[in-house]
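Report on the structure given below.
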Amino acid sequence: MASARKVIVIGGGIGGLAAALALLKRGIDVELYEQTNQLKEVGAGIQISANGTRVLYALGLEEGLERVQVKPMRRILRHWQSGETWNWFELGDVSAERYGTPHLMFHRGDLHDALSDAVRRLKPSAISLGKRCVAVEQTQAQAVIRFEDGTSAAAPYVIGADGIHSSVRKILFGLGKPVFTGCVAWRGLIPLERLPEHLRRLVGTNWLGPHGFVLHYPIRRGELMNFISVVERDDWQVESWVITGTTRELANDFNGWHADVQTLIEAIPVPYKWALMVRPPMEQWSRGRVTLLGDACHPTLPFLGQGAVMAIEDGYIIAACLDKYFDGPERALSRYEDLRRERTAAVVRKAHENRTMAFEPRLAAQNENAVAEAIARDWQQERVKERLDWLYTYDATAIAI
Ligand SMILES: Cc1cc2nc3c(=O)[nH]c(=O)nc-3n(C[C@H](O)[C@H](O)[C@H](O)COP(=O)(O)OP(=O)(O)OC[C@H]3O[C@@H](n4cnc5c(N)ncnc54)[C@H](O)[C@@H]3O)c2cc1C
């Protein structure tokens, strides 16, 4: 591999690994630096919609993912209090036929392993651990990264894929100010054998409530159930994925909800909580030979399930842009931004709008049946398709660079 065509990636999350894989597949050398000493993901689930699996398959991961994925049959809706159930929209083969590739559900660690294994197969030494980026400098010909341990690395390009609290973004553009949404999210992983039979189905379940929602779906071949919930609450404003809460506090947030929700909450071994924050879309992601991808430049609320999908799409497209315009940094990075900035800003905006749609204040009403019927109408499959088609039909692998 010609060392002149080399890119440094900062951050070994899903976005950084997808970019590294896409670059290596195009014959561009990669050095990926990750701050942690062990390459691993947090214990949580992740859904990858058809626009994301399209890219993962193009990167050659279909077979590896089959060993760990769940291809759910459908998403169902349930009423927060009565537990009434409606079929919401079909997934499984119906979705795969409609969009060309399936909607899949994973343990984040399994998806992460599939990506890092594929990177290492192409270049065993590509990933360096325990390397925290603390400075970025640029000359005419290259960008230089300095690490906390005193070492440095240089390449013609640097991609900051270092997540929501990105150091590279801070160095290039300063500190953005996140705004609290008034919502707190909870997550947890439940071994399936801890749940009663009727809660073990291979479907995604959305519990709709007036001031919160609960979502749970199976992952890792159906061995685990991923639990996520969001509730309107303003007494907790810490944006971290590693802070634990208590079962009692989580149960208190969903007091009065159906017995199945209580069963799920009681079965979570360790519940984690974090505050949902928003940041306005950035007008620019690149300076000179350094650019950003994924949560580093367009962090989003989890209401459309597109954060990691966008990071994967970014990785594919930045690789294509660098492949085509490697000798012209301005052209390469401006083309990348032109192709991605508006779309990702639209996703971030829509996910924010969905924050209110994810709750159903009408469900607080007393005349439950009438309200529930209206909800079933408003959340029909056709309405959902209108909301999601523009996301799922997007094909990052077919875009003219
Ligand atoms: C509750 C919840 C549910 C979600 N569900 C979904 C979903 O279903 N589908 C979906 O598509 N998205 C989902 N997302 C969003 C998704 O998790 C993120 O958008 C995605 O993980 C972003 O990937 P990334 O690679 O950009 O950043 P990250 O995954 O944050 O990776 C950044 C990496 O950079 C490293 N790093 C940080 N700073 C430095 C440094 N200075 N030097 C070196 N390394 C550094 C970090 O250690 C980390 O490994 C969800 C998010 C939440 C909060």
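Some observations on this one:
- Three-way shape label, segment 80-177, alpha-carbon gyration tensor, a/c 1.5: prolate
- Karplus-derived HN-Hα couplings along segment 286-298 (A = 6.51, B = -1.76, C = 1.60, θ = phi - 60°), whole Hz, x at Gly and Pro: 10, 9, x, 9, 10, 9, 10, 8, x, 4, 4, 10, 9
- Highest-fluctuation residue, 341, 387, 74 considered, GNM on the chain with Cα pairs under 10 Å: 387
- Charge context of residue 186, other residues only, Cβ under 11 angstrom, K/R +1, D/E -1: +1
- Neighbours of residue 152, meaning other residues whose beta-carbon lies under 12 angstrom from its beta-carbon, give a summed charge of -2 when Lys and Arg score +1 and Asp and Glu score -1.
- Under the simplified labelling scheme, the residue 4-residue 194 pair shows an inter-label distance of 5.7 nm, with each label point 7 Å from Cα along Cα→Cβ.
- Relative contact order [Cα under 8 Å, 6+ residues apart], segment 154-286, whole percent: 32 percent
- Candidates 163, 83, 222, ranked by Gaussian network fluctuation over the chain, Cα under 10 Å, top entry: 83
- Euclidean distance of C-alpha centroids, segment 134-177 and segment 82-97, integer Å: 44 Å
- Normalised by the number of residues in the chain, the mean separation of alpha-carbon contacts (under 8 Å, six or more apart) gives a relative contact order of 22 percent.
- Over all other residues within a Cβ to Cβ distance under 10 Å of residue 46, the charged ones net out to -1, with Lys and Arg as +1 and Asp and Glu as -1.
- For the pair residue 152 and residue 82, a Förster radius of 45 Å applied to the C-beta separation gives a FRET efficiency near 0.15, rounded to the nearest 0.05.
- Residue of 60, 15, 212 that the Gaussian network model of the chain assigns the largest fluctuation, springs spanning Cα pairs under 10 Å: 60
- Note on segment 221-295: dipole from Cβ charges, positive end direction compared against 276, 252, 288; the farthest Cα belongs to 288.
- Here the Karplus relation 6.51 cos²θ - 1.76 cosθ + 1.60, evaluated at θ = phi - 60°, turns the backbone of segment 179-196 into coupling constants of 10, 5, 8, x, 10, 10, 10, 10, 9, x, 10, 10, x, 4, 5, 7, 9, x Hz, with x for every Gly and Pro.
- The modelled label-to-label distance between residue 397 and residue 233, using points 7 Å beyond Cα along the C-beta direction, is 4.1 nm.
- List 121, 194, ordered by accessible area with a 1.4 Å probe, largest first: 121, 194
- Computed helical MRE - 222 nm, the chain, DSSP H runs ≥ 4 contributing -39500 (n - 2.57), nearest 500: -11000 deg cm²/dmol
- Normalising the average separation of contacting C-alpha pairs (under 8 angstrom, six or more residues apart) by the number of residues puts the relative contact order of segment 221-300 at 31 percent.
- Accessible area of residue 352 in the full protein assembly, 1.4 Å probe (Å², nearest 10): 90 Å²
- Cα centre as origin, Lys/Arg/Asp/Glu Cβ charges: segment 109-260 dipole, Debye: 500 debye
- Largest to smallest accessible area among 393, 53 [probe 1.4 Å]: 393, 53
- Anisotropy class of the chain from Cα gyration tensor, a/c 1.5 cut: prolate
- Accessible surface, per residue, of segment 233-333 when the full set of protein chains is kept, probe 1.4 Å, Å²: 41 Å²
- Using a probe of 1.4 Å on the protein chains alone, the accessible area found for residue 201 is around 110 Å².
- Spin-label pair residue 352/residue 251, simplified geometry with 7 Å Cα→Cβ offset, distance in nm: 3.8 nm
- Counting only heavy atoms of the protein chains and using a 1.4 Å probe, residue 219 has close to 0 Å² of accessible surface.
- Here the dipole of the chain is about 720 debye; that uses its Cα centre as origin and unit charges on the Cβ of Lys and Arg (positive) and Asp and Glu (negative).
- Residue by residue, segment 198-211 carries 3J(HN,Hα) couplings of 5, 9, 9, 5, 7, 10, x, 10, 9, 8, 9, x, x, 10 Hz when phi is fed to the Karplus relation 6.51 cos²θ - 1.76 cosθ + 1.60 (θ = phi - 60°); x denotes Gly or Pro.
- The amide H of residue 245, built 1.01 Å from its N in the peptide plane, has 272, 273 as neighbours under 5 Å, considering only residues 5 or more places off or on other chains.
The values are calculated or read from the model by the stated rules, or taken from the named source; none is laboratory data. Source: prediction; values computed, not measured. Cβ sites come from the backbone with ideal geometry, for glycine too, and all protein chains shown count toward neighbours. All accessible areas refer to the heavy atoms of the entire protein, side chains included, with ligands and DNA or RNA removed. Shrake-Rupley method; radii C 1.70, N 1.55, O 1.52, S 1.80 Å.
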